[in-house]
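Visitor: Below is a structure I'd like to ask you about.
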Amino acid sequence: MEYKTLKMTEFKTLDEPGTFRGQAAVLTNKDLGKDVIEQGAFKKTLRDKGGKFPFLDNHDSWSGTGKRLGIVNLEEGEKSLDVTLGKLNLEKKESQDAYSDMKFFQEENLPLGMSIGYDAVKVDWITEKDGSVTRHLRP
């Protein structure tokens, strides 16, 4: 499994019961890993999974119960993979800590990172004019 990290510069909302909205990935731009996620790249997976996924601490779902923080509902928008509704399990201390950090960073107007785990299914390698190679994750 591969990972992509996105600095979340803005939560659309962060509500008291531990719910939030925001972006999980940006589409059509070259990221720091020299990848471009093309529009539609997530469409089949989102459809197959009903758009609902575990929200994990460090992508770790198997080493202990402390790593599963809640759930996210995802939709692919025009420019990003959007968290249309994230919900933290505030019965868990780890989720309470994550929520506290999210609130603190938002109040301080500082970016907070989020990343996605994925398996690249369809990929094109494109050589740019400068000789660099960009990987395109395709639908």
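Visitor: Filter region 100-122 for residues that are hydroxyl-bearing (Ser, Thr, Tyr) and more than 30 Å from Leu137 (Cα to Cα) and give the result. Please lay out each step first, then the result.
Guide: Keep residues of region 100-122 that are hydroxyl-bearing (Ser, Thr, Tyr), which gives 100, 115, 118.
Ser100 - this is the single residue of region 100-122 that is hydroxyl-bearing (Ser, Thr, Tyr) and more than 30 Å from Leu137 (Cα to Cα).
Visitor: Do you know which of the residues in region 90-126 that are among the acidic types (Asp, Glu) and without any contact (Cβ under 8 Å) to a residue 12 or more places away in the chain is most open to solvent (accessible area, probe 1.4 Å)? Even if it seems obvious, please write down each step before you answer.
Guide: At the first step, the residues of region 90-126 found to be among the acidic types (Asp, Glu) are 91, 94, 97, 101, 107-108, 119, 124.
With without any contact (Cβ under 8 Å) to a residue 12 or more places away in the chain added as a condition, the list becomes 91, 97, 101, 107-108.
Details: Glu91: 165, Asp97: 73, Asp101: 81, Glu107: 133, Glu108: 101 Å².
Result: Glu91.
Visitor: Check region 68-89 and report whether any residue there is open to solvent by less than 40 Å² (accessible area, probe 1.4 Å), outside any helix (DSSP H, G or I), touching an Asp or Glu at 6+ places or on another chain (Cβ under 8 Å) and among the β-branched types (Val, Ile, Thr). Walk me through how you get there before you give the answer.
Guide: Here is the first cut: in region 68-89, the residues open to solvent by less than 40 Å² (accessible area, probe 1.4 Å) are 69-70, 72-74, 77, 80-83, 86, 88.
From what is left, the residues that are outside any helix (DSSP H, G or I) are 69-70, 72-74, 77, 80-83, 86, 88.
Next, only the ones that are touching an Asp or Glu at 6+ places or on another chain (Cβ under 8 Å) stay: 69, 74, 81-82.
Imposing the further condition that a residue be among the β-branched types (Val, Ile, Thr) reduces the set to none.
No, because not a single residue in region 68-89 is open to solvent by less than 40 Å² (accessible area, probe 1.4 Å), outside any helix (DSSP H, G or I), touching an Asp or Glu at 6+ places or on another chain (Cβ under 8 Å) and among the β-branched types (Val, Ile, Thr).
Visitor: Need the failing condition index for Leu46 against (1) at pLDDT 90 or above; (2) under 20 Å from Leu112 (Cβ atoms), just the number.
Guide: (2)
Visitor: Can you name the condition, by its number, that Asp82 falls short on among (1) farther than 17 Å from Phe20 by Cα; (2) in contact (Cβ under 8 Å) with a residue 12 or more places away in the chain?
Guide: Result: Asp82 fails condition (1) only.
The values are calculated or read from the model by the stated rules, or taken from the named source; none is laboratory data. The structure presented is a predicted model; accordingly, all values stated were derived computationally and were not measured. Here the Cβ is made from the backbone with ideal geometry for all residues, glycine too, and neighbour counts use every protein chain on show. When the accessible area is computed, the model is the full protein with side chains, heavy atoms only, and any ligands, DNA or RNA have been set aside. Shrake-Rupley method; radii C 1.70, N 1.55, O 1.52, S 1.80 Å.
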